[in-house]
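First up is the structure itself, then whatever we jot down about it.
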Amino acid sequence: MQALIETIERFGHPQVLVVGDFILDRYVYGDVERINPEAPVPVLRQVGAESIVGGAGRVAAAVAALGAQVMCLGVAGDDEGGKELADLLKRAAAKLQFVPAPDRPTAIKTRYVGLAQHRHAQQMFRVDDESTEPLPQDVQMALLKAVRKHLPQADVMVLEDYDKGVVSADNTPHLIDAARSAGVPVLVDPACIHNYAHYRGATLLTPNRYEAEVASGIRIVDDASLEAAGRAILETTQAGMLVVTLDKEGAYLLQPDRPGRRFPHRHPRSVYDVSGAGDVVLAALAVALANGCSPEVALDFANVAAGVEVAHRGFVPISRGEVIDELERMIGLRVDKVVSRDFLAAHISHRRRGGEKVVFTNGCFDLLHMGHIRYLQQARQLGQCLVVAINSDESVARLKGPGRPVIGETERAEMLAALECVDYVTVFDEDTPKPLLDLLKPDVLAKGGTTSVVVGREIVEGYGGRVVTLDLVEGLSTTDIIDRIVMGNPNAVEKTDP
C-alpha cells in the first residue's frame, strides 16, 4: 500500500478523451406524508431538487477529480437540458465539444426521491426523456472528425456506451481504428448488450458481472465460469484485456496470455450507494494507465477509489487525495472520519442536497468525558449529520494557557471520531470557528454551556440557520477533572464549554 501511495503521488496530469452518451441526471426530493385520494399512490411534496452529470459525464467528472485533463466529445440537443449539461461539465473542470443534433433531445433522466421521516432517501420512480436511435450519418461523421482532431493530444480514450445511439455498431469501429492509428489506448465501458463485436480492437473492456453474463451467454457462479465468460468476450473482441467489476467482491482482471486474477477490495467499507462505482473504476483505470501504470497497479488504484465512492450517497467524484487518505487509513495513519475542511465542505453539501440537516459544534474537547458524550448525542439528535470542529493544539494553548491541551489534537480527533453519533471531525487553527461556519453553513449550530454568547451566532442566523444551546451535565467538565486529579480536590464542580 505504501508503494501505491508513492505511485499516486508521482502521477502527472495526462489528457483523457471521453466519448459517449452524456446524460443529465435530475433528482427531485420530497416528503411523502400521505396517499393520493385519487389513486393508491404516494404524494411527493417537493422540498428540493438538483441536477448532476450522468452517463459519460460521470466518468469525465471522475477523471477530472483524479487530477487528469478531460476532453468530452458527444452529442447534445439544442435545448435547455444540453446547456445545463454543458455548464455542469465545465464546473467539473472538463472541456467539451458537443456535436449538435437539433432533432435529438439531450438525454435526461429524472428521479423522484421520497425522504421517509425527512431523511431516508428512497427512489420512487424515474422518467427518461431521450432518443436511443443511432446517430444520423452526418452527425456520426462530425463526431468522428472531432475525435480525430483531439486524439493527437490524448493519452487515453474512453468510450462510454449506454446504448443511446452514440457509441453504436456503425461508428464505434471507426472511433477505435482512429485511436489505434494515433497510438492511443482505448478503454470501453460496454453497454448491456449481447454482441460486443463492434468493440473489436479495444485495449480494455470493463463490463460488470451481469453485463459479462449477457455478452458471453455464460452465467457466472464461480471462478471457472468467470474465466470462461471472460475468455468468450476476449475472443469476440480481441481486446488487450478485460476487467469485470464484481461489486463488493472487487474486480477480476483477465488478459489473453495470462490466467485470470481477482482483485478483492483491500479494505471493505460499509456500502451506502453503489451508483457511480463502475464509473469511478473506469476513470481511475484511465488515469492510472495514462500515467504508465501496469494493469495490476491501475486496478489496485481503481479498487480503492471505488471503495471510497460507494461510502457516499449518490455519485461523488473521488480525488487523488481521498484515495491516498484511504490508503493511509488502511495502514493506520488516518482515522476514517477525521477530514480536511475542503473535503468536509464538498461532502456535507452533497448530504444536505439529499435532504439531510447538518449540525455543527466546536470546542477543545480536551480529556473527553461522559459530559461531552451526552452533549454530542443531544447535538446529533438535532439533524442527520454531526460535524465536530476541534481547536488545534496551538489554538487551545492560546485560549486556555500553558499546560493545555492535556491531549494532543490527533488523539482528541481520533477519540471523537470513534463515537457513533459523530459523522465528521475537523481541526481548525483559528481562535474561533467563524471561518468554518462561513464555509460550511450548517443548518444548526449547537453549543454547550451556560453563557448566552455563542461565537458565530450572527453568521448562522444571518443565512437562516438555527442556534441551539444544550445543557452540560452537572459536575462533568475538563477543568473539573483536571482540578480533581492535579489539585486533589474531589468536590470541585464547574460547568464549562467543551
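We did not get these values from a lab; they are worked out from the coordinates using the rules stated. Bear in mind the structure is a predicted one, so any value in this text is a computation, not a measurement. Neighbour counts are summed over all protein chains in view; Cβ atoms, including those assigned to glycine, are modelled from backbone coordinates with ideal geometry.
Annotations
- Mean separation of Cα contacts under 8 Å, 6 or more apart, over the residue count of the chain: relative contact order %: 11 percent
- Nearest-20 debye value, region 2-330 charge dipole, Cβ charges on Lys, Arg, Asp, Glu: 400 debye
- Under Karplus coefficients 6.51, -1.76 and 1.60, residue-wise ³J(HN,Hα) of region 254-262 in Hz, glycine/proline x: 9, 10, x, 9, 9, x, x, 9, 7
- Under the Karplus curve 6.51 cos²θ - 1.76 cosθ + 1.60, θ = phi - 60°, whole-Hz ³J(HN,Hα) for region 403-420, x wherever Gly or Pro sits: x, 10, x, 6, 10, x, 4, 5, 5, 4, 5, 5, 5, 5, 5, 6, 7, 5
- Residues whose amide H falls under 5 Å from that of Met241, counting only those 5 or more places apart or on a different chain, are Leu204, Leu205, with hydrogens built in the peptide plane.
- Distance from the C-alpha centroid of region 210-246 to that of region 350-389: 47 Å, rounded to the whole angstrom.
- From the coordinates of this entry, Rg and Dmax of the Cα atoms in Å is computed, and it appears in [x] 22.1, 74; [y] 26.0, 88; [z] 24.9, 110 under the label [y].
- If the segment from Asp247 to Arg262 were pulled out straight at 0.36 nm per residue, it would be longer than the present Cα-Cα gap by 4.2 nm.
- Once the Cβ-Cβ distance of Ile373 and Lys109 is raised to the sixth power relative to R0 = 35 Å, the FRET efficiency obtained is 0.20.
- Translational diffusion coefficient (Stokes-Einstein; Kirkwood radius from C-alpha pairs) of region 158-217 at 10 °C, 1.306 mPa s, in µm²/s: 137 µm²/s
- Axis angle, to the nearest 10 degrees, between helix 56-65 and the longest C-alpha principal axis of the chain: 50 degrees.
- Over 32 Å between alpha carbons, listed pairs Lys164/Lys248; Lys145/Lys248; Lys83/Lys149; Lys248/Lys441; Lys83/Lys434; Lys95/Lys164: Lys145/Lys248; Lys248/Lys441; Lys83/Lys434
- The peptide list 225-231, 31-37, put in order of mean Cβ contacts within 10 Å with the highest first, becomes 225-231, 31-37.
- Top positive-direction residue, dipole computed over the chain with Cβ charges, set Ala142, Val75, Ala379: Ala379
- For region 209-222, the Karplus equation 6.51 cos²θ - 1.76 cosθ + 1.60, evaluated at θ = phi - 60°, returns couplings of 4, 5, 4, 5, 5, 5, 5, 8, x, 10, 6, 8, 10, 7 Hz by residue, with Gly and Pro reported as x.
- The H on the amide N of Gly55, modeled in the peptide plane, is under 5 Å from the matching H of Ile23, each at least 5 residues off or on a different chain.
- Between the amide H of Leu386 and those of Val359, Asp423, Tyr424, distances stay under 5 Å, these residues lying 5 or more places away or on another chain, with hydrogens modeled in the peptide plane.
- Taking 7 Å steps out from each Cα toward its Cβ at Val47 and Ala182 produces label points 4.8 nm apart.
- Neighbourhood net charge (11 Å Cβ-Cβ; Lys/Arg +1, Asp/Glu -1) for Phe428: -3
- Full extension of the chain between Lys149 and Glu133 gives 3.2 nm of extra length, using 0.36 nm per residue less the Cα-Cα distance.
- Euclidean distance of C-alpha centroids, region 75-126 and region 401-429, integer Å: 40 Å
- Of Ala302, Val16, Ala49, farthest towards positive along the dipole that unit charges on Lys, Arg, Asp, Glu beta carbons give the chain: Ala49
- Rough spin-label spacing in nm, given labels placed 7 Å along Cα→Cβ, for Asp223 and Val453: 6.8 nm
- Where only C-alpha atoms are counted, convex hull volume of region 1-153 per residue in Å³: 159 Å³
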